[in-house]
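Worksheet for the structure shown next.
The values are calculated or read from the model by the stated rules, or taken from the named source; none is laboratory data. Everything numeric here is computed off the predicted structure, so don't read it as measured data. Positions of Cβ are backbone-derived with ideal geometry, glycine not excepted, and every protein chain shown enters the neighbour counts.
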Amino acid sequence: MFRRLFSAALLAAALPLAPALAQTQSAPLDISADNSEMLDQEGRLIYWGDVNIIRGDERLRAERVEALFQRRPGGGMGDLQRIIATGEVFYIRPGEVARGDNGIYDLEAGTITLTGSVVLTQGCNVSTGDRLEADLDSGMARLSSGQGGRVRSIFFSGPEGRADAQDCPAPAVPGAGPRPFPGGR
């Protein structure tokens, strides 16, 4: 589902993306929320209230998510095409967090876009802007800031800059977080 959004060599305007691990991409997609609604005729599932989407060691967290599916001939939902997330959206990997006000993960195009007060954190390194566009197929991303704003990055060298640095405060992710699947897995 998701691929690595940023690496230790974060650049202010163009961020290299690392390719995804094959095992993560083949893992099942686990979506949990306080509420959900199925709109079968529209090919949509809507989740709201502490929504957590997990695949492998990656997680997307938002207040509300719309999952858009391809319609099958004769009815029913086909493949998942796009996830639209709103309400303080977090993309989380071990040692890395990307945050925005809104997010779109387009499975068909192979892109992730975060907009509104975007903050990227890896270890102690932090970059900010208004829009992150990540092309997961090419492995490139662009962090930009509109309307006269500026992109800003703070990098630390030495142990403080490592993704696994234990002394760097991790950004707080709201909500209860993912809950174990009933009955265990």
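Scanning for something among the small types (Gly, Ala, Ser) and in contact with a helix residue (DSSP H, G or I) (Cβ under 9 Å, 6 or more places away or on another chain), does the range 123-130 turn up at least one residue? Yes, the range 123-130 contains at least one residue that is among the small types (Gly, Ala, Ser) and in contact with a helix residue (DSSP H, G or I) (Cβ under 9 Å, 6 or more places away or on another chain). Restricting attention to the range 14-22, does a residue exist that is at pLDDT 55 or above and either of a type in the set (D, E, K, R) or crowded, with 16+ Cβ neighbours inside 10 Å (or both)? No: the range 14-22 contains no residue that is at pLDDT 55 or above and either of a type in the set (D, E, K, R) or crowded, with 16+ Cβ neighbours inside 10 Å (or both).
Entry remark, the range 29-64: residues being hydrophobic (A, V, I, L, M, F, W, C), part of a strand (DSSP E or B) and within 16 Å of ILE92 (Cα to Cα) number 6 in total. Among the residues of the range 115-135, are any outside any strand (DSSP E or B), of a type outside the set (A, V, I, L, M, F, W, C) and surrounded by 18 or more Cβ atoms within 10 Å (Cβ to Cβ)? Within the range 115-135, one or more residues are outside any strand (DSSP E or B), of a type outside the set (A, V, I, L, M, F, W, C) and surrounded by 18 or more Cβ atoms within 10 Å (Cβ to Cβ). Quick check on GLY129: is it modelled with pLDDT of 90 or more and either among the polar types (S, T, N, Q) or within 21 Å of ASP50 (Cβ to Cβ) (or both)? No, not satisfied.
For the range 139-152, a residue qualifies if it is out of contact with any Leu (no Cβ under 8 Å at 6 or more places or on another chain) and not in a strand (DSSP E or B), and the qualifying residues are SER145, GLY146, GLN147, GLY148, GLY149, ARG150. Got a number for residues in the range 63-100 being hydrophobic (A, V, I, L, M, F, W, C) and within 21 Å of ALA141 (Cα to Cα)? The total comes to 8. Once the range 65-86 is narrowed to residues that are among the small types (Gly, Ala, Ser) and surrounded by fewer than 18 Cβ atoms within 10 Å (Cβ to Cβ), the residue that is farthest from LEU39 (Cα to Cα) is GLY74. Determine whether ARG64 is under 11 Å from the mean Cα position of the chain (by Cα), at pLDDT 85 or above and on the phi < 0 side of the Ramachandran plot. No. I'd like to know if the range 87-100 contains one or more residues that are part of a strand (DSSP E or B), within 14 Å of ILE53 (Cα to Cα), among the β-branched types (Val, Ile, Thr) and free of Cβ contacts under 8 Å to residues at least 24 places away in the same chain. No, there is no match, as no residue in the range 87-100 is part of a strand (DSSP E or B), within 14 Å of ILE53 (Cα to Cα), among the β-branched types (Val, Ile, Thr) and free of Cβ contacts under 8 Å to residues at least 24 places away in the same chain.
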